[in-house]
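Reviewing the structure listed below.
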Amino acid sequence: MTIAPASSHPSTIAAGAPADLLEMSSQTTHGDDAGFDRWPGMASTGDLGAVSAEAEPTTLPWSLDDATTRQLRRWSNQLYRILDSDTPPFWASDDYERVVDELGRREEQAREGSAGTRRRDSFRDNPLNRRFELFQDGILAGYVSYSMRAGCLRLHRTVVAEAFEGAGLEQILIRNVLLDAHRRRLSALPYCGEVQAFLAGNPQYRALLAG
């Protein structure tokens with residue numbers, strides 16, 4: 001199968017990377033698997049056998065739509081380890097963000113499917129009120145308040161409207177906040193307890209705090 005590179009820079013999973021980083025999650029898995037295994041319709045990693053590294057593509061595909069969720073989790077673990085090294089390559093952050101974005105998109109789709117309805121989500125930064133806002137079907141569903149100082153984004157409080165409580169919007173909102181801050185090359189300080197809890201359950205997002 002011919003696989004196009006994700007961009008012109010060397011791929012995160014290109015040949016020549018250190019051998020220990022090319023080991024799949026059959027040897028090392030990340031704590032975020034537990035959260036993903038709870039998604040409706042997605043198999044538990046405990047039910048899946050080990051797969052040899054040779055079965056994996058040597059580059060990230062141009063489109064991640066055809067990748068299995070198991071592959072995405074494996075790439076996420078690998079990329080997280082690369083970013084956590086002393087001198088991560090400059091392209092690793094972009095590849096990591098692509099994989100995390102796709103995993104998040106599938107999480108949202110799974111939640112929408114389990115609810116039996118599809119809502120139109122809209123996320124934006126409201127600098128006037130100093131908060132990131134999440135709308136569903138045009139209605140403000142929740143927000144994260146923040147302050148900015150010297151290029152550092154301080155996340156203070158996560159609020160979800162009463163009508164949307166219990167729908168898991170906190171994680172969708174916080175994920176979008178962290179990705180938006182990363183795209184803008186802003187570091188983030190999670191003063192908010194909800195954000196801290198999200199990072200504890202999804203440690204792969206900690207790499208985005210540095211901006």
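Every number in this text was worked out from the coordinates using simple rules, so none of it is lab data. Please read all numbers here as calculations on a predicted model, not as lab measurements. Methodologically, a virtual Cβ is constructed for each residue, glycine included, from the backbone with ideal geometry; neighbour enumeration extends over all protein chains shown.
Based on Cα contacts under 8 Å between residues 6+ apart, segment 119-208 shows a relative contact order of 22 percent.
Working note: Karplus 6.51/-1.76/1.60 with θ = phi - 60° gives segment 195-208 the couplings 5, 4, 5, 4, 5, 5, x, 9, x, 5, 7, 4, 5, 7 Hz, where Gly and Pro are set to x.
FRET efficiency for the pair A210 and E162, taken as 1/(1 + (r/R0)^6) with r the Cβ-Cβ distance and R0 = 25 Å, rounds to 0.10.
What FRET efficiency do you get for R149 and Q196 if R0 is 25 Å and r is their Cβ-Cβ distance, rounded to the nearest 0.05?
Numbers: r = 19 Å, r/R0 = 0.77.
With R0 = 25 Å, the Cβ-Cβ based efficiency is 0.85.
Each 5 Å bin from zero up to the one holding the largest Cα-Cα distance in segment 119-208 carries the following percent of pairs: 3, 14, 27, 27, 18, 9, 2, 0.
Whole-Hz Karplus values for segment 100-105 come out as 5, 4, 5, 4, x, 4 Hz, taken residue by residue from phi with 6.51 cos²θ - 1.76 cosθ + 1.60 and θ = phi - 60°; glycine and proline positions read x.
Could you list Y191, Y80 so that the one with the fewest beta carbons within 10 Å of its beta carbon is first and the one with the most is last?
Ascending number of Cβ neighbours within 10 Å: Y191, Y80.
Peptides 170-180, 195-205 ordered by packing proxy, namely the average of other Cβ atoms within 10 Å per residue, highest first: 170-180, 195-205.
Close amide H partners of L153, meaning residues 5 or more places away or on another chain with modelled amide H under 5 Å apart, are S187, A188, L189.
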